[in-house]
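Everything below concerns the one structure shown next.
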Amino acid sequence: MATTPIAAPGYGREQLRSLTGDVWRAFRWVRDRDLFFEDGDDAQNHLSHEAAAQDLLSRLFYSLDAANLTTAASLFTANANMDGDHNVRRRLESRALPLKFSRHRFVNTVTRVLSAALEMWLTCYVHQARIHTNGEVDSEYSRCVARFELQDGDWRFADLLLHVDLVQRYGIEADMVAIAPQVTDKVEPERATRAFSAHRSPAFDGGRTTWNELREDVWAAHHWFADQSDSACTSSEERLQRLVDHMLIRELLANYAYAHDSRDLAWTASNFNDDAILINDTLRFEGNSEVIEAFRGFNRRMTVSFHRFSNPRVKFVSAEEAWFVAYYHVPAIGPGGRNQYSFGRYFSRLTKRSGRWQIADWRIANDPTVLPMEIGS
Amino acid sequence: MKESTGRSWFFEHKNDMWRAANWVIDRPTLTSTPDNQLDFLMNDLAIRELLSSYTDAFDSKDLALTLAHFTEDCVLVNPRTTFIGKREVQEFYSNAMAGMGVSFHRVQNVVVRPGDEPGEGWVSAYFHAPFIGPLTAMAISQLGRYFGRVVLEESTWRFADLRISVDFMPGYVHGAAG
C-alpha cells in the first residue's frame with residue numbers, strides 16, 4: 001500500500017498561506033502529498049485520523065447550524081485562523097448568527113496526515129443552505145481547505161479557509177413554501193426494475209460485459225449492486241487493505257470532481273484508464289482521449305460548477321477491481337449566466353493499476369435538472 | 001415490544017435532533033487496541049453503507065429492499081407519525097412510494113459511534129433530497145436529518161430505531177437546462 005515517503009516535515013500555516021491565493025492549487029498540493037504507511041498500524045492510524053477529520057467537520061457544521069458557537073469555537077486551537085482572521089469567534093458568528101436557518105454540508109474530501117502525524121490537511125466542498133432573517137433563501141457553495149494540529153491528543157482546526165465561489169439566490173421563504181413551482185415538462189417515472197437486473201443477472205466478476213448489461217437502467221444496476229457481496233477479507237491485513245482501498249476510491253471521486261470543476265483536463269485524464277469508456281444518456285466515448293474531449297465539451301456548458309457527490313458505495317470484486325455507485329448534485333452557472341441544478345447517478349467499474357485506482361467504465365445517468373427560483377422571477 | 005437500553009436512549013433524544021446529534025458526537029469513538037480500532041473502522045464504513053443502501057432502495061422505489069434495512073421490531077419516527085414494527089413501517093413506505101415521482105436522498109455529515117452493546121451503533125446525518133412529483137406539478141427539496149440506532153443482525157447492519165426530521169422544503173422550477 002506504500003507509495004513514496006513524505007519528503008518534507010512541518011508544513012504549517014505559512015505553507016497554507018502560500019497556496020490559498022489559488023484554491024485549486026491548494027487542492028492539487030494536498031492531493032500530491034503521497035500516502036505512505038510504514039506498516040499496518042500506521043495505515044490504521046491514518047484511517048483513524050481521516051475519520052477524525054471528517055468527524056471534526058461534522059461537529060463544526062452541526063454546531064454552527066445549531067448556533068452553538070461555544071462548541072464550534074472549542075474545535076479550534078488557541079491560535080487558530082479562520083478565513084485569514086485570528087478572531088475565529090467573529091468568523092463563526094458571521095456564518096451562524098444572522099440566519100434563521102442554516103445547513104452546512106461537506107462532500108468530496110481528500111485528507112493527508114503529514115509531519116509525523118502532527119499535522120493534517122483536508123480539502124472538500126461545502127454547501128450552506130440558508131434562510132436569512134429577512135426571509136431570503138439562498139445557497140452558498142465554497143471550497144474548503146483545512147489544516148489540523150494535534151492538541152492534547154485531539155485534532156483541532158488550526159486553519160480553516162472557506163472560499164466562497166457561488167451564491168445562488170432562490171426567493172423568499174414564504175413564496176417558496178406556499179406556492180408550488182410549475183413543472184415545465186412532464187416527469188416520467190424511472191424504470192427502476194429489480195426484474196430487469198434479475199432477468200439479466202450478469203456475473204459479479206464479469207467486468208465490462210457486466211457493466212454493458214446493466215448500464216441501460218442505472219436503478220437496476222443499483223439493485224444488482226445491492227444483491228452482490230464483496231470478495232471476502234480473511235485476515236486483518238486484508239481488512240485493512242480494504243479500508244485503504246475504500247478511502248482511495250472516495251478520493252478518486254473527489255479528484256474527478258476537482259478536476260472537472262477546475263477545468264484541468266490533465267487531471268481529469270489521470271482519473272481514467274487508457275481504454276476507459278464513458279457514456280451518458282445519449283453519448284458514448286471510448287478511450288482516454290475521447291473521454292477528455294467529452295469533458296472539454298461538458299466544460300463549455302458550465303462556466304462555474306460544483307460536482308458534489310454523496311452516497312458512495314463500493315463492492316470489491318478483487319483487490320484490483322471494484323463496482324461503484326453514487327449520487328451527484330451539480331449546482332452550476334449555465335449558458336447565459338442562468339443558475340441551474342443537476343441531479344443524477346453514476347454506475348461505474350474501477351480498476352487498480354500500478355497501485356492507483358482509476359475509472360474503467362463510467363455511466364452518467366442524468367436525472368432532473370431544475371432551475372432554482374430566483375428573486376424577482 | 002422489549003425495551004432495550006439503546007431504545008430508551010433513542011426515545012429520550014428523538015424529539016430534539018440537535019441534542020440527539022450532540023449526544024451521538026459526544027459518545028466515545030475508538031478503543032485503544034488495534035484490533036478494536038480496525039473493527040470500529042470496518043463497522044463505521046458498513047453503517048455509512050447502510051444509509052446509502054437505504055436511500056438507494058427508497059429512491060428506486062423498491063419496497064422489499066427498503067424494508068430489508070429495518071429490524072422486525074423497528075421504530076420509525078417521521079415528522080408526523082411514529083411507526084412501530086415492520087408492518088407499520090411497510091405501510092408508511094408503501095404509501096410514500098405510491099405518491100412519489102423522482103427523489104434523491106443525498107446523505108452527508110455522517111457521524112457514527114459504537115453503542116453500549118456489541119453489535120449496536122448510533123448514527124447522525126444530514127440529508128438533502130429533491131423530489132419531483134409526477135402528478136402534483138411541483139418540485140421541492142427537503143433538507144433534513146437522520147438520527148438512528150443500528151444493530152448487527154446476521155452480519156448485516158439494520159435500523160432498529162430511526163428518526164427522520166424535515167427542516168426546510170424550498171421549491172424549484174423543474175425543466176431542461178439552458
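The values are calculated or read from the model by the stated rules, or taken from the named source; none is laboratory data. Values in this document were obtained by computation on a predicted structure and should not be read as measured data. Don't worry about glycine lacking a Cβ; one is built from the backbone with ideal geometry, like all the others, and counts go over all protein chains shown. For accessibility, only protein heavy atoms count, side chains too; no ligands or nucleic acids. Shrake-Rupley method; radii C 1.70, N 1.55, O 1.52, S 1.80 Å.
Could you work out what % of the accessible surface of chain A is carbon and sulfur, using a 1.4 angstrom probe and leaving DNA, RNA and ligands out of the count? Before the final figure, lay out each step's value.
On the way: 6950 of 14600 Å².
Here carbon and sulfur together make up 48 percent of the probe-accessible area.
Would you mind classifying chain A by shape? Square roots of the alpha carbon gyration tensor eigenvalues, ordered a ≥ b ≥ c; an a/c under 1.5 is rounded, otherwise it is prolate if a/b is larger than b/c and oblate if not. Spell out each step's value before the answer.
Numbers: a/c = 1.76, a/b = 1.09, b/c = 1.61.
Judged from the Cα gyration tensor, chain A comes out oblate (a/c at least 1.5, b/c at or above a/b).
In degrees between 0 and 90, to the nearest 10, how far off the longest principal axis of chain B does helix B:34-59 point, with axes built from Cα atoms?
Helix B:34-59 sits at roughly 20 degrees to that axis.
Any aspartates and glutamates with Cα under 13 Å of the A:Lys100 Cα? List them, leaving off those in the same chain fewer than 8 positions away.
Cross-link targets: A:Asp65, A:Glu136, A:Asp138, A:Glu173, B:Asp167.
In peptide A:290-297, how many Cβ atoms from other protein chains are near each Cβ within 10 Å, on average?
Mean partner shielding for this stretch: 0.
How much of the DSSP bridge set in the protein assembly as shown is antiparallel, in percent, rounded to the nearest 5?
90
What angle do you read, to the nearest 10 degrees and between 0 and 90, between the alpha-carbon axis of helix B:17-26 and the longest principal axis of chain B?
The angle comes out at about 30 degrees.
Hey, what does the equivalent ellipsoid look like for chain B, semi-axes from the Cα gyration tensor as sqrt of 5 times each eigenvalue, largest first, whole Å?
The answer is 29, 18, 15 Å, longest axis first.
How many Å³ per residue does the convex hull of the Cα positions in the range A:1-160 occupy?
Taking the convex hull of the Cα positions in the range A:1-160, it is 109 Å³ per residue.
If each of B:Glu72 and A:Asp22 carries a label point 7 Å out from its Cα toward its Cβ, how far apart are those two points in nm?
Calculated label separation equals 6.3 nm.
Between B:Asp116 and B:Met169, with labels modelled 7 Å along Cα→Cβ, what's the label distance in nm to one decimal, could you check?
3.7
Using the Karplus curve 6.51 cos²θ - 1.76 cosθ + 1.60 with θ = phi - 60°, what ³J(HN,Hα) values do you get for each residue of the range B:93-109, in whole Hz, with x for Gly and Pro?
5, 4, 5, 4, 6, 5, x, 10, x, 9, 9, 9, 8, 9, 8, 9, 6
Would you mind getting me the FRET efficiency between B:Leu63 and B:Thr29? Use the beta-carbon distance for r and R0 = 35 Å, nearest 0.05.
Computed FRET efficiency for B:Leu63 and B:Thr29 comes out at 0.50.
Enumerate the calculated ³J(HN,Hα) couplings along the range A:49-57 in order (Karplus 6.51 cos²θ - 1.76 cosθ + 1.60, θ = phi - 60°), each rounded to whole Hz, writing x wherever the residue is Gly or Pro.
Karplus values, whole Hz, x for Gly and Pro: 5, 4, 4, 5, 5, 5, 4, 4, 4.
With the dipole of chain A worked out from charges on the C-beta (+1 for Lys and Arg, -1 for Asp and Glu) around the Cα centre, which of A:Phe204, A:Tyr341, A:Phe324 lies farthest toward the positive end?
Value computed over the given set: A:Tyr341.
When the accessible area of chain B is split by element with a 1.4 Å probe, what percent falls to carbon and sulfur? List each step's numbers first, then the result.
Values: 3630 of 6980 Å².
Carbon with sulfur: 52 percent of the solvent-accessible area.
Using only atoms on other chains, find how many Cβ atoms lie within 10 Å of each Cβ of peptide B:117-127 and report the average.
Per-residue shielding by partner chains comes out at 2.
How large is the accessible surface per residue of the protein assembly as shown, computed with a 1.4 Å probe and reported in Å² as a whole number?
39
Taking a probe of 1.4 Å and counting only protein heavy atoms, give the total accessible area buried between chains B and A in Å², rounded to the nearest 100.
Using a 1.4 Å probe, the pair buries roughly 5800 Å².
What does the average come to when, for each residue of peptide B:98-109, you count the partner chain Cβ atoms lying within 10 Å of its Cβ?
6
Please report the relative contact order for chain A, taking Cα pairs under 8 Å with a sequence separation of at least 6, and give it as a percent rounded to a whole number.
13
Within 10 Å, count the other beta carbons around each residue, average over each peptide in A:288-298, B:140-150, and list them highest first.
Working: A:288-298: 16.3, B:140-150: 23.1.
Ranking the peptides A:288-298, B:140-150 by packing returns B:140-150, A:288-298.
Amide H neighbours of A:Phe272 under 5 Å, at least 5 residues apart or on other chains, H built in the peptide plane: list them.
Placed amide hydrogens put A:Ile359 under 5 Å from A:Phe272.
Could you give each residue of the range A:248-261 its phi-based ³J(HN,Hα) in whole Hz, using Karplus coefficients 6.51, -1.76, 1.60 with θ = phi - 60°, and x for Gly or Pro?
Calculated HN-Hα couplings, in order: 5, 6, 4, 5, 4, 5, 4, 5, 4, 5, 4, 5, 4, 6 Hz.
As a check on your grasp of the helix formula, calculate [θ] at 222 nm for the protein assembly as shown: sum -39500 (n - 2.57) over DSSP H runs of n ≥ 4, divide by the residue count, round to the nearest 500.
-11000 deg cm²/dmol
Taking a quarter of the surface of the convex hull around the Cα atoms of the range A:59-115, what do you get in nm²?
Spelled out: convex hull of the Cα atoms, projected over all directions, averaged, 4.8 nm².
Name the aspartates and glutamates eligible as straight-distance cross-link partners of A:Lys352: C-alpha to C-alpha under 14 Å, and not fewer than 8 places from it in the same chain.
Once the sequence-local aspartates and glutamates are set aside, what remains near A:Lys352 is A:Asp245, A:Glu251, A:Asp274, A:Asp275, A:Glu320, A:Glu321, A:Asp361.
If the convex hull of the alpha-carbon atoms of the range A:27-101 is projected onto planes in all directions, what is the mean projected area in square nanometres?
Projected over every direction and averaged, the Cα hull of the range A:27-101 covers 6.5 nm².
So who's got an amide H within less than 5 Å of the one on A:Gly171, skipping anything under 5 residues away but keeping other chains? H placed 1.01 Å off N, in plane.
Amide H neighbours of A:Gly171, under 5 Å, 5+ apart: A:Val137, A:Ile375.
Taking the range B:62-125 as the region of interest, what is the percent of Cα-Cα pairs per 10 angstrom bin, listed from the shortest bin to the one with the maximum distance?
17, 43, 35, 5
Take the Cα pairs of the range A:215-281, get the Kirkwood Rh, then feed it into Stokes-Einstein at 25 °C and 0.890 mPa s and tell me D in µm²/s.
Answer from the Stokes-Einstein relation: 167 µm²/s.
Suppose R0 equals 41 Å; then what is the FRET efficiency for A:Arg208 and A:Arg156 from their Cβ-Cβ distance, rounded to the nearest 0.05? Intermediate results must be reported in sequence, preceding the final value.
Values: r = 46 Å, r/R0 = 1.13.
The value I calculate is 0.35.
Under a point-charge model restricted to the Cβ atoms of Lys and Arg (+1) and Asp and Glu (-1), what is the dipole moment magnitude of chain A relative to its Cα centre, in debye to the nearest 20?
Values: 44 positive and 51 negative charges, 154 e Å.
Here chain A has a charge dipole of around 740 debye.
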